[in-house]
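The structure appears right after this line, and notes come after that.
The values are calculated or read from the model by the stated rules, or taken from the named source; none is laboratory data. Just so you know, these numbers come straight off a predicted model, no measurement behind them. In this analysis, Cβ positions are derived from the backbone assuming ideal geometry, glycine residues included, and neighbour counts consider all displayed protein chains.
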Amino acid sequence: MNMRIFNQQIQSILRSFFIIWLTALLMSACDKPEPVFECTDPIGCVEIAPGEPIHIGVLQALSGDVAALGKEQLRGFELALDKRGGTLLGHPVALQVEDTGCTPEGGANAALKIIADPQMAAILGTTCSGAAATASKAMSDAGLTMISGNNSAAYLTTIAGKPALHWQPGYFRTAFNDESAGKAAAIFAYQRIGVRKAATIHDGDIYTRGLTEGFENAFQEMGGEIVLSAVVNKGDTEMQPVLTAVLNAGAGLLFFPLFQPEGNHLLFGARAVPGFDDIYLMSDGALIESSFIESVGEAGIGLYFVGPARPEGAAVDSLAMAYISKFGARPGASYFQSAYDAADLLMTAIETVAVQEPDGTLHIGRRALRDRLYAVDDFEGVTGVLDCDRFGDCALPVFDVLRLDDPSAGLEGLVSNIMFTHVAVE
Amino acid sequence: MTFQKQVSESMENMSITTRFGVGISLLLLLILAVALTGYVSIQYVRKAEESIQTSREIQRMVLEMDRGMEKARRLHGDFFLQYPDIGLARAHEQYAQPSMREIARVIAVSHALKDLIERSDVARGLRDRRVDLNLYLSSAKRFAATSIESVELVTELAVPERGLEAMMEQDLQAMRAEIGNNPSLMRFFQEMKTFAQDYRITRKRFLMQSAFNAAFRMRSAVENVPNLLPDQRDRLITLLERWKTVTEEMLEVDVAIKSRFHDFALQGEAVEPISTALISLAGEAVEDARAGIQEALGAALAITAGVTLAGLLLAVLIAGILNRSITRRVVRLTRSAEELRAGNLDIHVGEEGNDELSRLARTFNIMAGRLRELVDRLEQKVTQRTAELAESERRFRELFEHSSSGVAVYEAVDGGADFVIRDINRAVESIEAVTREAVLGHPATEVFPGIRKFGFLTLFQEVWRTGRTRRLPLRFYSDDRRSGWRQGAVYKLPSGEIVAVYDDLTAQKQAEMEKTAMEAKLQRAQKMEAIGLLAGGVAHDLNNILAGIVSYPELLLMQMPDDSPLRKPIQAIQESGQRAAAVVADLLTVARGVASVKVPADLNGLIREHLDSPEYKKLHSVHETVACTANLDPRLPPIRCSPVHIKKCIMNLVTNAMEAVDGDGRIVLSTQRRRMDEQTGRALDLEAGEYAVLRIADSGNGISETDLAHIFEPFYTKKVMGQSGTGLGLAVVWNSMQDHGGAVHVESDARGTVFELFFPVTGDPIECMARPSGIENLKGNGETILVVDDEPQQLDIANRILRMLGYQPVCVGSGEEAVAYAEQKSADLVLLDMIMAPGISGLETYERILQIHPGQKAVIASGFSETEDVEKTRNLGARGFIKKPYSMAQLGTAVQQALHEVESTCMEDFQSARSDTS
């Protein structure tokens, strides 16, 4: 081999190497996947990469005496998730659980933690309406969707067919709007019990305030007189003065839709104050909970409650069985069912609106999700058929007035002891 | 076939240039790989450093946010604490507004931090904390909103006059005014007011509910109290309702404020872990980045090491291939070339392949073949020329080596400051008493230390510098090892070396000098001989004549009364005779050959004797201003000398010194022992050995050079003849020193003159220190003294003196008569004249008498006598020698000593001394 031939071979090798390199470069450029989704949602999209979890925030009251309600909500969500095998559209679901403390400020701050995550798809919550009022504002501003299985304050959605004070776009609930609960209590008090003078006590929370206002309006509309509208603060334990005021006012019924423990203290106070034997006492759904019954015991006998009617049916039973199976105990309240429905409704909506790419990447349009929930119609929930209106109310309100006659019968005894049922008519 | 073999074969087919090109290209590629590794490592490290910087910036910003948030909270808290004391407006200004400004800054920093994290390539942990950062930002905004709300609520509550608390107070005051002194109302009012005040202290709602209950009862009382006017009742009810409404509003505000505080607490709980986590994450990011740097450096090191190792292996491989295909062949070629250079012209290199080396090998073989041919021819010529050159070299070497002239080759060193000996021939070895091996390579100044002093070095330098041949004039050279006269020429070789060709003319020069000296000596000897002949010729007669003049006056004076008027003239006659005798004695001394006896003597003693002598004292009295000192070496060895002559020398030199000093001055006499080597001795014409030196130095005006050359000549004097000398003083000194085997050396300048007399020392002891006795002691006892003299006058004088001394003199006029007398009679002593004419001499006379009377005592009495005869006579047994003219004492002493076996030498000395100095 002479020098010329050798040089030609070298050049040939170099040329081949260059061509291979150039081809690889071009192929790598061509290998880039074409974009298959472009987010056109006006308030943005959540993109979940393949294998990445779908982030869902959970805002519940997980501390204090209301924690039992919050935990029931959480369990309802978990049951709904279990229904899907723990995944959603092939993605695991990561729940970011935050405690609201059942206060507006707690709700606001917990919401901030949730919405700080740009990957957050939606929120399940809250337990307390007071917390929801602040949380939904933050959530809505962030373009998220929140759905609750426990909020019932009318202020959160609509009052008298109009947007209520704390209504926020993107807020939904499967719990009943309390606007009808107060009315149901008033009808029962005026028509069934026959009292004409009533006193109310709330704690400033929009839930309790909404209930008392609904009661007062309905009671007065029927010709009754509200002789006292009193307020206690959350955390108050001394109820003697306010009970004295009730006595002074000459009320025949005291409607006090409070949470634990204020409701407990008030009940014990009423039982201790002379003159209350002839005054009917009526509370709300927040106290329709086994821990309250266990707490007040005999003092609770004769106490009326106005709360959402308990759904019935095979689905309810099945869910109850699942609850017991999963958590090894009977439910402390029935609100986990509405929580289950809320979660199921939300995940169904996500499944509907999410755009899934071949590699598994998900795109969830924020507005699309909201719109999808607003458009829910005849959704078969555990608690019944769900139809979401434009204010986010998805459940048809049906309230029962219950009376605790046998504390030993527990929650089941209470919810079975229905004195009166009121179905809201749209 | 292995890879290396394949590569090797492929490379063998390439040209050498291509092989090197491929090898260097591969090495360059490796270098490039190392450089690329370094570049990537640097980029990685730079990126990590940026990450560290960013993380630190994040830490700083988070801390700033945290501090800002904390400050805002503290200010906000201070607002609520301070407004009841300092007023709402001031609290708003001092605390609320700064709090809002601080939170605004926190929000701005939060935004900036968010941007920084999003746009920078920070650690994943930090990027994942975007959520927390969002929360932090949201919480900050919420804090701002909540803070504003709380301040507004407080304002609503506490603003002066229009605030709820103020309105409550106003209503209470109005109610108090309306109630007046109504006790039942006042009780309810006080109860209501107390509960309200308690609420304001504790913020317990049930207390205000109690106040409401009291108000309810008060209202009932108002409605039922009879003594109230309708208007008053209406105003009270209105006031109560308004108070309750305002109070309920206040309660709501309190709840709202409480809610805000709870809000703040929750916010704090939310953001505190965030800032902690962010700081921690930033710190971790810094550490991660640092770890990344370490990893990158480690990786770079490993890669570099790997690439370097690979490079080394590749280099070894390439080197191996190049070695086999190039280096070995080059080495073979080189060795062949070396062999060729070494002379192996039959070398042949393998010519395998067709590359440059193969062509070079072919060329080499052709060149070698041609060289063989050329060398064959050259060798013949070289052999021929070498033989010629060897012959030429041998011839010139022979010439060089056998040249009678010394030839030395020098090489200049130190810029001509010195010259190193490069070669010398045998003549130089002989002349300079050196060996060639001992001096080659040595500096000329080391081998010949005197060349600088005697001007040879300057001559060498001039020749070396100018290149002109210079004649080396006859010049004396000496150093510690050699001395002599050199003459020749110095020239410069084309090589720059200089050559000295010279001859040792020392022998010739010495011969010449000796000849000159001999001539001078001969001349002086002839002169002395003439004088001697003259002196000798007249001395005998003069002394005989003078004997009458010297001796008769003495005899006359002895018989003459002391007051005789003739005594003085007779003494004058005697002194004149004595002076005349002294002149004759000097003449005899100068003429040499004068009879003198040398005995061991102490030179110091002779000097002291002179200094103690009347003659010296007389001389010193004339020259009182001249100080004379003596520094005599007590260890001075004895000398063998004629004391009378040496003392005469001392006297002459001291006299001259005294006269040389004009006015004040000094004379120093000193003695010393001095070792004389051959060289120094040669200058003084002395043999090497031990000498006693007498040094006489004066501080006079010195002697001119002209005079110095003649001072030892007889009758050469600068003095007026007859006044102070005879012109024989220094001639006597010079002749005496010659006669004693010594020498005299004189140096003179304007500061004075020094005479040095060199006497050979002797190991013999000093024999006699006897001193002459008085006339009374010289008396004889009638011994028979045979006086033999051909001078009747001298016989008469001797007869008279001996008779006067108590002897029996028998006077005879010749030797024959003396012998005849001896044949018949005996004598105790023979007083024998040595020269008697026309009969037998004194020597012969004594010989004959001894034959008759062996052991015959005799004393020699002579006016002039050959030294040889005197010595022979003494050797025969003569006991003493007395020189004519003699005095009574001299004769008496000599006779007495001879008779009594006393060494006559001393007597002779004494007599001589007396004779010379009296």
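Annotations
- Of the helices (runs of 4 or more DSSP H) lying entirely inside region B:145-252, the ones with 1 or more residues being closer than 30 Å to B:Met100 by Cα, outside the structural domain of B:Glu93 (by TED's automatic domain parsing) and of a type in the set (Val, Ile, Thr) are found at B:183-202.
- Any chance B:Ala211 is among the small types (Gly, Ala, Ser), more than 9 Å from chain A (Cβ to nearest Cβ), surrounded by 14 or more Cβ atoms within 10 Å (Cβ to Cβ) and touching a residue at least 12 places away in the same chain (Cβ under 8 Å): no
- Residue list for region A:240-257, filter: closer than 22 Å to A:Phe188 by Cβ and either at the interface with chain B (Cβ under 7 Å from one of its Cβ atoms) or touching a Phe, Trp or Tyr at 6+ places or on another chain (Cβ under 6 Å) (or both): A:Leu253, A:Phe255
- Filter pass, B:Ile849 being touching a strand residue (DSSP E or B) at 6+ places or on another chain (Cβ under 8 Å), assigned to a helix (DSSP H, G or I) and aliphatic (A, V, I, L, M): yes
- Considering the conditions (1) crowded, with 16+ Cβ neighbours inside 10 Å; (2) within 14 Å of another protein chain (Cβ to nearest Cβ); (3) within 18 Å of B:Gln170 (Cβ to Cβ), B:Arg219 is excluded by exactly one of them, (3).
- Qualifying positions in region A:151-167 - touching a residue at least 60 places away in the same chain (Cβ under 8 Å) and either surrounded by 24 or more Cβ atoms within 10 Å (Cβ to Cβ) or not in a strand (DSSP E or B) (or both): A:Ser152, A:Ala154, A:Leu156, A:Thr157, A:Ala164, A:Trp167
- Residue list for region B:424-460, restricted to those being within 15 Å of B:Trp485 (Cα to Cα) and part of a loop (DSSP other than H, G, I, E, B): B:Ala433, B:Phe448, B:Lys453, B:Phe454, B:Gly455
- Some residue of region B:78-91 being touching an Asp or Glu at 6+ places or on another chain (Cβ under 9 Å), under 26 Å from B:Tyr199 (Cβ atoms) and within 14 Å of another protein chain (Cβ to nearest Cβ): no
- Neighbours by Cβ (under 9 Å, 6+ apart or cross-chain): first from region B:259-276, more than 7 Å from chain A (Cβ to nearest Cβ) and more than 18 Å from B:Ile148 (Cβ to Cβ); second of a type outside the set (A, V, I, L, M, F, W, C) and not in a helix (DSSP H, G or I): B:Ile274/B:Arg129
- Looking only at region A:119-147, and only at residues there that are in contact with a Leu (Cβ under 6 Å, 6 or more places away or on another chain) and under 18 Å from A:Asp178 (Cβ atoms), the one that is surrounded by the fewest Cβ atoms within 10 Å (Cβ to Cβ): A:Ile147
- From the options B:Ala408, B:Ala412, B:Ala387, residue that is in a helix (DSSP H, G or I) and either over 30 Å from B:Ser10 (Cβ atoms) or under 45 Å from the mean Cα position of the chain (by Cα) (or both): B:Ala387
- Which numbered condition B:Lys114 misses (of (1) basic (Lys, Arg); (2) crowded, with 17+ Cβ neighbours inside 10 Å; (3) within 14 Å of chain A (Cβ to nearest Cβ)): (2)
- None of B:Val159, B:Val151 is within 23 Å of B:Ala72 (Cα to Cα) and surrounded by fewer than 22 Cβ atoms within 10 Å (Cβ to Cβ) except B:Val159.
- Residue identified as touching a residue at least 40 places away in the same chain (Cβ under 8 Å) and more than 13 Å from every other protein chain (Cβ to nearest Cβ) among B:Leu229, B:Leu236: B:Leu236
- Among (1) more than 8 Å from every other protein chain (Cβ to nearest Cβ); (2) farther than 23 Å from A:Gly130 by Cβ, the one test that A:His265 misses: (2)
- Of the listed requirements (1) touching a Phe, Trp or Tyr at 6+ places or on another chain (Cβ under 7 Å); (2) farther than 22 Å from B:Glu462 by Cβ; (3) touching a residue at least 40 places away in the same chain (Cβ under 8 Å), B:Leu357 misses just one: (1).
- Considering (1) away from every other protein chain (no Cβ under 12 Å); (2) without any contact (Cβ under 8 Å) to a residue 60 or more places away in the chain; (3) in contact with a helix residue (DSSP H, G or I) (Cβ under 8 Å, 6 or more places away or on another chain), the lone condition that B:Lys141 does not fulfil carries the number (1).
- Test for B:Asn134: is it without any contact (Cβ under 8 Å) to a residue 24 or more places away in the chain and touching a Pro at 6+ places or on another chain (Cβ under 8 Å): yes
- For A:Ser318, the criteria (1) of a type outside the set (A, V, I, L, M); (2) outside the structural domain of A:Ala68 (by TED's automatic domain parsing); (3) more than 18 Å from A:Arg209 (Cα to Cα) hold in every case but one, which is (2).
- Residue check, A:Arg366 basic (Lys, Arg) and either under 18 Å from A:Ile54 (Cα atoms) or modelled with pLDDT of 95 or more (or both): yes
Residue by residue, here is whether (1) buried (at least 24 other Cβ atoms within 10 Å of the Cβ); (2) under 14 Å from the mean Cα position of the chain (by Cα); (3) within 19 Å of A:Ala333 (Cβ to Cβ) holds:
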{"position": "A:Ile54", "(1), (2), (3)": "yes, no, no"}
{"position": "A:Gly90", "(1), (2), (3)": "no, no, no"}
{"position": "A:Gln96", "(1), (2), (3)": "no, no, no"}
{"position": "A:Thr100", "(1), (2), (3)": "yes, yes, yes"}
{"position": "A:Glu105", "(1), (2), (3)": "yes, no, no"}
{"position": "A:Asn109", "(1), (2), (3)": "yes, no, no"}
{"position": "A:Asp117", "(1), (2), (3)": "no, no, no"}
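- For B:Glu756, the stated conditions do not hold, so it cannot be described as within 50 Å of the chain's Cα centre (by Cα), at pLDDT below 85 and on the phi < 0 side of the Ramachandran plot.
- Failed item in (1) over 28 Å from A:Ile201 (Cα atoms); (2) surrounded by fewer than 20 Cβ atoms within 10 Å (Cβ to Cβ), with B:Glu252 passing the rest: (1)
- Segments classed as helices (runs of 4 or more DSSP H), wholly inside region B:590-703, with at least 1 members that are modelled with pLDDT of 85 or more: B:603-612, B:614-622, B:643-660
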